[in-house]
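Working notes for the structure below.
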Amino acid sequence: MSEFDAIVVGAGPAGSSAAIKMANAGLKVLLVERGDPPGTKNVSGGILWGKDLSQIIPDWEKTAPLERFVERKVTSFLTADSEISIDFKTLKFSTDRTGYAVLRTRLDQYLSKKASQAGATVITGITVDSLHMENGKVLGVVNEEDTITSDCVILAEGANPRVAIKAGLRQPPGDDDVALGIKQVYKLPEATINERYNLRGNAGFAGEYVLSFLEDDVYAGGFLYTNKDSISAGVVVSLSKLRENGKTRSFDIMEKFVSHPFISRLLEGGQIQEYSAHLVYEGGYSTMAKLYGNGYMIAGDAAGFSFSNGMVIEGMNYAIASGIMAGEAAIQAKKEGDFSDQSLSRYGRMLEESYAIKDKKTFRGIEKVTWSPLVHRIIPRIAENSMMKLFNETGEPKDHVVRILLDSAFDQGISKSDLLIQGYRLMRRM
Ligand SMILES: Cc1cc2nc3c(=O)[nH]c(=O)nc-3n(C[C@H](O)[C@H](O)[C@H](O)COP(=O)(O)OP(=O)(O)OC[C@H]3O[C@@H](n4cnc5c(N)ncnc54)[C@H](O)[C@@H]3O)c2cc1C
């Protein structure tokens, strides 16, 4: 007989959500986290799109450590001299809140505490080394000399899932499947943040930037999110481009982002409180792991959930959703006393019905757009040229907007047919 009904590896959003779901249903659950306390090993930008949390914590919007809700969302191209933005703010987000800025150390501790209150045993500061397996069936986890047994294991170990890889349950992520995220938290008075970002109360700003001013062929995006009395600033750098380039250092890109004239003035006077780096899972649908098997399921980033199209980075929401579904599948399996591949396949079916897999399928190939020269170089230059022609009064005769756009495009040395093909691909994948 196993010591636990389920062991969950990793107390990120996926693992803690799975543990809460199962413990609430009376399962005997062990949640193992290498960070002590949970969250100390984790990095998110991070905006939490947390609607799924209400399934396991109905009052999460009142009790979770949420910094500010997103009222203003900016998507920008940053060239050396210019910023071209879509700046969307709506009062509708005050009543129908969609995203909240969070700090992971606080969020992860909150979620793991909820798992513990629901009855799960939570152990921290312990790294699971490998799975205990017999004849292809997962029977528990191994830490150093100790084996702990369970009827099923939920692997929620994040973007670099070493335990799953070691057990041959998934391929290691390639350079194109992960990007490198770097983040700094700047302490600033609440009143300064409100004034600088045009905010009131607990309304917040979320900005994502394409860093098209980078000189060499390294591609990176940047983000700025307002917390109550700090700013989370960071970059996400294409790992394959970084490796091809071979000489640019990722932290120099971070430095260039925060020193850009339009960014530095938003951070001015801020004291750096925290510096962290982490992989961001970026692989498409075809890179996803098999999500279940005899005695195991894989959830969150470890399975390949998470999504970025340059305008948003999402992952915590998919992690929570997949964790809850893995928990639900384990509850059903417990009722039937059957943790076989066949029984746990209901996890796969639930995911197929949910936005988690549907988004992966809808945006198949998006990573080719996110990290394309079109997005990182050509469109920003076309946009900057067009804006200069539109808004710079020179005393010369003016052109129609379409003419300006076309001329700006051809100025980039791109042919009409190439532009059409690349534009079509972009629209299809977005
Ligand atoms: C720079 C950056 C910005 C991001 N911005 C956003 C954002 O704004 N919004 C958003 O939704 N998402 C964002 N993401 C993505 C998001 O952080 C992830 O999708 C999300 O954290 C995945 O949750 P998870 O529970 O699957 O994995 P994780 O959060 O990575 O949690 C995995 C946990 O497992 C633990 N662990 C790993 N291996 C072991 C082991 N062997 N034994 C014990 N414990 C183990 C780790 O310590 C960790 O606590 C961002 C990511 C980065 C890096």
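The values are calculated or read from the model by the stated rules, or taken from the named source; none is laboratory data. On a predicted model such as this, the values are computed, not experimentally measured, just so you know. Counting neighbours? That spans all protein chains shown, and the Cβs are built from the backbone with ideal geometry, glycine included. Just the protein is used for accessible areas: all its heavy atoms, side chains included, with ligands, DNA and RNA removed. Shrake-Rupley method; radii C 1.70, N 1.55, O 1.52, S 1.80 Å.
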**Study point:** Number of the condition not met by Leu78 [criteria: (1) in contact with a helix residue (DSSP H, G or I) (Cβ under 8 Å, 6 or more places away or on another chain); (2) more than 16 Å from the ligand (Cβ to nearest atom); (3) open to solvent by 10 Å² or more (accessible area, probe 1.4 Å)]
**Key:** (3)
Review point. What residue, among those in the range 53-75 that are over 19 Å from Phe262 (Cα atoms), β-branched (Val, Ile, Thr) and surrounded by 16 or more Cβ atoms within 10 Å (Cβ to Cβ), is farthest from the ligand (Cβ to nearest atom)?
Key: Ile57
Practice item. Identify all residues within the range 134-166 that are away from the ligand (no atom under 14 Å from the Cβ), open to solvent by 30 Å² or more (accessible area, probe 1.4 Å) and in contact (Cβ under 8 Å) with a residue 60 or more places away in the chain; write none if there are none. Key: Gly136, Lys137, Leu139, Thr149, Asp151
Check your understanding: Would a scan of the range 35-42 turn up a residue that is under 30 Å from Glu215 (Cα atoms), touching a Gly at 6+ places or on another chain (Cβ under 7 Å), open to solvent by 20 Å² or more (accessible area, probe 1.4 Å) and not polar (S, T, N, Q)?
Key -> no
Study note, to complete from the structure: Only one of Leu199, Leu214 is at pLDDT 95 or above, away from the ligand (no atom under 16 Å from the Cβ) and touching a strand residue (DSSP E or B) at 6+ places or on another chain (Cβ under 9 Å), namely Leu199
Check your understanding: When you look at Ser386, is it buried (at least 18 other Cβ atoms within 10 Å of the Cβ) and without any contact (Cβ under 8 Å) to a residue 60 or more places away in the chain, yes or no?
Key -> yes
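Looking at the range 320-379, what helices (runs of 4 or more DSSP H) fall wholly within it and have at least 3 residues that are of a type in the set (Asp, Glu)?
341-353
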**Study point:** Residue that is nearest to Asp359 (Cα to Cα) [pool: residues in the range 411-422 that are in contact with a helix residue (DSSP H, G or I) (Cβ under 8 Å, 6 or more places away or on another chain) and open to solvent by less than 70 Å² (accessible area, probe 1.4 Å)]
**Key:** Gln422
Check your understanding: Among Tyr347, Tyr275, Tyr292, Tyr355, which is in contact (Cβ under 8 Å) with a residue 40 or more places away in the chain, over 24 Å from Tyr225 (Cα atoms), within 16 Å of the ligand (Cβ to nearest atom) and open to solvent by 20 Å² or more (accessible area, probe 1.4 Å)?
Key -> Tyr292
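Out of Lys247, Lys241, Lys256, I need the residue that is open to solvent by 10 Å² or more (accessible area, probe 1.4 Å) and either acidic (Asp, Glu) or not in a helix (DSSP H, G or I) (or both). Which one?
Numbers: Lys241 fails: either acidic (Asp, Glu) or not in a helix (DSSP H, G or I) (or both); Lys256 fails: either acidic (Asp, Glu) or not in a helix (DSSP H, G or I) (or both).
Residue meeting the stated conditions: Lys247.
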